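The structure under discussion appears below in the form of structure tokens.
Computed from the coordinates by the stated procedures, all read-outs in this text should not be read as laboratory data. Quantities reported herein were computed from a predicted structural model and do not represent experimental measurements. Every residue, glycine among them, receives a Cβ derived from its backbone with ideal geometry; neighbour counts consider all protein chains shown.
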Amino acid sequence: MTDARHDADPADDRRNGFGPMRRTLTTAVRALVGGGSVILGLYLGGMNATAYEADWNVSVFSAVAIIGGIVMIAQARQRPRTSRAAWIAGTAVGAAGLLAGVATPIQQTCCDAVWIVSLGLPLPWTTGHGDTWSQAVGEAWRGTRDPASAILDAMFWVYAGMIVAAVIGLFRQAKRT
């Protein structure tokens with residue numbers, strides 16, 4: 001006969017002291033990541049606002065990074081229960097955004113001789129040049145990639161999904177009361 005207490009993770013047992021420590025560490029990580037995201041959003045937004053020609057994609061990224069960081073800081077302490085519908089909607093937004101950014105090439109400029117196409121939405125993580133549009137897309141897929149932009153792009157879509165999940169959770173909570 002097995003005892004359920006012996007099969008469980010020792011970190012979950014309150015008598016070991018790991019449960020409160022793990023919750024404290026999780027809270028600290030969420031607050032630090034959220035604060036870093038707010039700082040990153042404010043920095044990039046400020047740099048974009050003072051640029052000669054502001055890019056719409058950097059403005060959108062900055063706004064989502066700031067809002068996502070604030071949501072993460074707010075959830076660090078409270079840890080609200082998110083419904084299954086909120087998780088599904090948030091995951092769908094994040095996955096669809098990542099797939100759309102990878103699958104949809106964005107034409108940056110077109111002139112008589114050169115086509116420039118980027119992959120990644122909102123931040124391009126690879127760019128290709130070519131004489132035709134299809135040649136530029138092919139070069140974008142085979143060309144060099146910017147891993148920092150790819151990570152920030154993934155962060156954008158994770159935050160977008162988290163924001164959608166938080167909004168749905170707040171809506172459902174308001175509907176219950």
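With labels modelled as points extended 7 Å from the Cα through the Cβ direction, what inter-label distance (nm, one decimal) is found for residue 82 paired with residue 27?
Between residue 82 and residue 27, the label points sit 2.0 nm apart.
At q = 0.16 Å⁻¹, work out log10 I(q)/I(0) for segment 108-175 with the Debye formula, treating every Cα as an identical point scatterer and leaving solvent out; two decimals please.
Per q value, in the given order, log10 I(q)/I(0) is -0.62.
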